[in-house]
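Enquirer: Here it is, the structure, as structure tokens.
Values quoted throughout were computed directly from the atomic coordinates according to the rules given, and no laboratory measurement underlies them. A quick note: this is a predicted structure, and the numbers were derived from the prediction, not measured. Positions of Cβ are generated from backbone atoms using ideal geometry, with glycine treated the same way; all protein chains shown enter the neighbour counts.
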Amino acid sequence: MYFISTRGGEKVTGAQAIVQGLAKNGGLYVPESFPAISRTEMDEMAQMSYPERAAFVLGKYLADDLGADYLKEICEKAYSTFDGHGKDPAPLVKIDKNMFVLELFHGPTCAFKDMALTVLPYLLKKSCEVTGIDDEILILAATSGDTGKAALEGFRDVPGTKVAVFYPDEGVAKMQRLQMCIQDGNNVFVAAVKGNFDDCQRAVKRLFASEEFNAKLAEKKVRLSSANSINFGRLAPQIAYYFSAYLDLYTSGQIEMGDKIDFVVPTGNFGDILAGWYAKQMGLPVRRLVCASNRNKVLADFFEKGVYDVKRNFFRTMSPSMDILVSSNLERLLFEISGRNAELTAERMQSLAEKKEYSITAKEKAILDEEFFGGFASEDDMIEAMYETFDEFGYAMDTHTGVALAVCAQYRETLEKEDDEIIDNTPVVVLSTANPYKFPQDVLYALSGNDVKDSFKGIKRLNLLTAMKPPKSLLDLRYRPLRFKTVVENDLNKMATEILKFADGQIVPVPDGGKK
């Protein structure tokens, strides 16, 4: 299978798309066409384990380049590190009649990013072999909290790679910051940026596009690749858990094969929900994808009005991984609903960069209305949804999942208004993207009203309240010294300098026992 850029001008293999991460013209790689998974294949997948299902889905895009047997092998290795119920990497939990939660936080870093970033190093390694690349690969990532740690852990001490992560200073939760800044490995680098996630993401994209910067790296026999969901190799493994959730509903007798279901996805950068839309294009029976935003509701406004406008205030919330205004993966969806018009997509991205907004046509808006519902939750809405779910069903969730639950309620109210006489019984799967213990203070406050200042005291009290077992990896953070304390200005040249120093081996952090 070949891949093309959303902004035209390029056609590459899957292996090339994974190695490059971002197209040379700044566009994102998308499959030349969407492969189909038939009803017969769905029946076969129903009997498979999660790693086998994931390998099957990946194979539809990458088997030609990487080989079906290799994909099966690496999925078995990657997901063997997960600790879900019955060792299922993505268990589906029934909360109430027709309401299910897909738990995607049972990986090494307790967040859904592990579902892809435990697989990506294997995909990248094989892609380099297939394309004959022997340069060192520098994984450069911007993070709003979870991608950074998952990338650092996934690529830690992987031969032939380095991984550098920029995160917004003061813009991530304490547990997220600690996870990144204590990271082990001789090939890792972490720096805070005095700005928000959009500043980090904008800088990373500009570094990918800079011929001068890439030439300097080339002199060191180093080339860039990405761990963000702009890289198709990061996005593709996420498609699998949509299929797996559906098949779990089917094998447990909750639905018949072919029944349509809804997915509710808390999202900021749009990659997670885009993976669900890709699954639908491949044949998964999805009625609607519900895009749940927090107070930074640029996506909710886009789905309501058809205008993407980032000329607005930026808010720091209790769901920090969604504190994003520029959603990179939306470009892939724009490309599709425009009839794959690369020129128009490029114009819209240019308008976003220069005018901070763009709009879509009425025809395109009608397509979105048919397939998506966009809503947002205030902090109070989120807290109420978390409290009510715990009070009624004894189920505790993190703040991002709380946003999704609150928007899910809005969506269901909308359906009831559309037809007062019909009770909608379509099953809803809510994606849960992080372990509650990653945000212990906020979760504790939502469930009990108690406010504690220390994260580890929050973990202790949340454990007493819920009886949920805290992940050992999070508990151990308390006793680990910080390795990374670098803070850089929101300045492209200064960020580039740090990366070049790292690529040259000049930054070798060591534990110093410093105060957290």
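Enquirer: Taking other Cβ within 10 Å of each residue's Cβ, how do THR13, THR399 sort, fewest first?
Expert: Lowest count first: THR13, THR399.
Enquirer: Here is a follow-up. Starting with the highest mean, order 402-411, 450-459 by the number of other Cβ atoms within 10 Å, averaged over the residues of each peptide.
Expert: 402-411, 450-459
Enquirer: Would you list TYR29, TYR122, TYR479 from fewest to most Cβ contacts within 10 Å?
Expert: Least to most surrounded, the residues fall as TYR479, TYR122, TYR29.
Enquirer: Using all C-alpha to C-alpha distances in the chain, build P(r) with 20 Å bins and read off the rounded percent in each one.
Expert: Here the calculated profile for the chain is 24, 61, 15, 0.
Enquirer: Sort 4-11, 165-172 by packing, meaning the average of other beta carbons within 10 Å per residue, with the highest value first.
Expert: 165-172, 4-11
Enquirer: Relative to the Cα centre, what is the charge dipole magnitude of the chain, using +1 at the beta carbon of each Lys and Arg, -1 at the beta carbon of each Asp and Glu, and rounding to the nearest 20 debye?
Expert: My answer is approximately 1840 debye.
Enquirer: Would you mind pulling out the separation of the Cα centroids of the range 474-493 and the range 209-280, in Å?
Expert: Going from one Cα centre to the other spans 27 Å.
Enquirer: Is there a pair in LYS260/LYS417; LYS174/LYS469; LYS113/LYS220; LYS60/LYS221; LYS97/LYS438 whose C-alpha atoms are over 22 Å apart, and which pairs would that be?
Expert: LYS113/LYS220; LYS60/LYS221; LYS97/LYS438
Enquirer: Hey, if you put +1 on the Cβ of every Lys and Arg and -1 on every Asp and Glu Cβ in the chain, which of PHE213, GLN20, PHE393 ends up farthest toward the positive end of that dipole?
Expert: Farthest towards the positive pole: PHE213.
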